[in-house]
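The block underneath contains the structure these notes are about, expressed in structure tokens.
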Amino acid sequence: MYASREDIGYDFGDDSKVGSKPIKPNPNIDGGWAWMIVLSSFLVHILIMGSQMALGILNMEWLEEFNQSRGLTAWVSSLSMGITLIVGPFIGLFISMCGCRTTAVIGGLLNALGWILSAYASNVHYLFLTFGVTAGIGSGMVYLPAVVMVGQYFQKRRALAQGLSTTGTGFGAFLMTALLKYLCTEFGWRNAMFIQGAISLNLCVCGALMRPLSPKDLREKYVVRSDSEENRAKALSHSTETIKSNGVLSEEPEKKEEVANEEVHGSVQHIETGGKSGSGRSMYGLRILKTVSQLTVTVRKGFALWYSSYFGAASLFTNRVFVAFIIWALFAYSSFVIPFIHLPEIVKQYNLSRQDNVFPLTSIIAIVHIFGKVILGIISDLPCISTWNVFLMANFTLVTCILTLPLMQTYIGLAVVCALIGFSSGYFSLMPVVTEDLVGTKHLANAYGIIICANGISALFGPPFAGWIYDITQKYDFSFYIAGLLYMVGIIFLLIQPCIQKKQPRENSTEEAQV
């Protein structure tokens, strides 16, 4: 659903400088194995984001099984969806130390474990831990490497590759909705979750396909860039260079650590060549010391890079427009998620299950969402069109649909509104561009990570809030009205702050003229 952190400048690869000697480009960059990476990322979006968008089917089963309030039950789905995005910055630490492939494989196992353990749930609180937390963290550990690897393997065709891989979200929502509905009908929700857990093991296969580029390949990727692209890459990798310039990851400490490791290794070899029987314990201890030393260096490097990338951007919060953008993100994503979780039950209350079984409303949102991302991206690329205006118009359309949806009580009316929700939510593809316009390329990577975290918080609290409102009013109408009004407040913040920013320079220039 979202653009890659690699696509916006977040790079976990080696950014070392190379000489001016021409190097033959790696055939796997922009071609070859790169398309296998796109396929892997596409499947990850289907299995993770698609499954999360189909959780409304399971939410109905949990309501009937455990007979709990809608607000409490909705926490299961929202925890899984929210944690997937919120843990993104912290998963970056694992990627820095272990690489994308290892992180994704472990995440696939954890996600599958969460689904399988949830099949044995005895109450909703059990699902909080197994499905919400366990499967959510596992999803985050696979999702971030999937989008990062696409950025590493592509240079010229990066936009095309990201677009192809993220369309898996729409296809996944359509396929997983039909699959979960069939499995729940034929085998019951417990067996359905068990089978889905087995299917989720394919995430490990997707992770295994994420073959890392060697440092030499990464150098070749940067050498073949044009001058303008090199300048942009230097600006986007500012956070990493800052660490190096401050000495956190300077070459001297690394050399010292390497020397220490060589000394330990030499001592081990010396003891081995000595052939003394009494030196066995010392040799074993030195081997452990060597392993711990290497692990310590790896952890320190990864943590320093991760800390600087995500917490070294305090100056971002002095930008009022960016703060307004964060407030918008806290309200926006929940308005997109709430229909996916609660629409199946709304359809049941309106006695529209027969029509919905033929073509589910959530599937309509998912399919049109694919076209929305592509069409809005094409429109915003036109020279006479402002990306910011397209972004705002899409938001106004979406909030209007959220406020209008409770008024529709026929399948045709709901289908039309859901189609508009899917199309207007295609503004997700414009978020990296809008973020860059607000903070500049220097802070783009960190700023976009913060926005994604805000979206995760929105997904975490949105569905339970809607369910809690239903428990009080016995209607979903007020849930959509309140969510729409809060969303409108976020949009108003986006409209007010640019006006203030423009007004302040004019006032300052007037004062200078008077002086």
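The values are calculated or read from the model by the stated rules, or taken from the named source; none is laboratory data. Remember, it's a predicted structure, so these values are computed and weren't measured experimentally. Ideal geometry is used to build each Cβ from the backbone, glycine not excepted, and the neighbour counts take in all protein chains shown. In case anyone asks, the SASA skips ligands and DNA or RNA and just uses the protein heavy atoms, side chains included. Shrake-Rupley method; radii C 1.70, N 1.55, O 1.52, S 1.80 Å.
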Return one quarter of the surface area of the convex hull spanned by the alpha-carbon atoms of the range 46-151, equal to its mean projected area, in nm². 6.3
Length released on extending from residue 461 to residue 410, taking residue separation times 0.36 nm less the Cα-Cα span: 15.5 nm
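Where only protein heavy atoms count, and the probe is 1.4 Å, what is the accessible area per residue for the range 104-185 in Å²?
Per-residue value: 33 Å².
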Based on the Cβ-Cβ distance of residue 211 and residue 378, what FRET efficiency does E = 1/(1 + (r/R0)^6) give at R0 = 22 Å, to the nearest 0.05? 0.10
Rounded to the nearest 0.05, what FRET efficiency do residue 284 and residue 39 give with R0 = 51 Å and r taken as the Cβ-Cβ distance? Could you check? 0.70
Which residues in the range 172-200 place their backbone N less than 18 Å from a point set 7 Å from the Cα of residue 120 along the Cα-to-Cβ direction? 189-199
Spelling it out for residue 201: with amide H atoms placed in the peptide plane at 1.01 Å from N, the residues 5 or more places away or on another chain with amide H under 5 Å from its amide H are none
Summed side-chain charge close to residue 192 - residues other than residue 192 whose Cβ falls under 10 Å, Lys, Arg +1, Asp, Glu -1: 0
From the phi of every residue in the range 141-152, what ³J(HN,Hα) in whole Hz does the Karplus formula 6.51 cos²θ - 1.76 cosθ + 1.60 yield, where θ is phi - 60° and glycine or proline is x? 6, 9, 5, 5, x, 4, 7, 5, 5, 4, x, 6
Extension length gain for residue 69 and residue 201 (0.36 nm per residue less Cα distance), in nm, is 44.3 nm
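Once you list every other residue whose beta carbon is under 15 Å from the beta carbon of residue 380, what net charge do they have if Lys and Arg are +1 and Asp and Glu are -1?
That works out to -2.
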Taking placed amide H atoms and a strict 5 Å upper bound, the residues 5 or more places from residue 155 or on another chain that come that close are 30
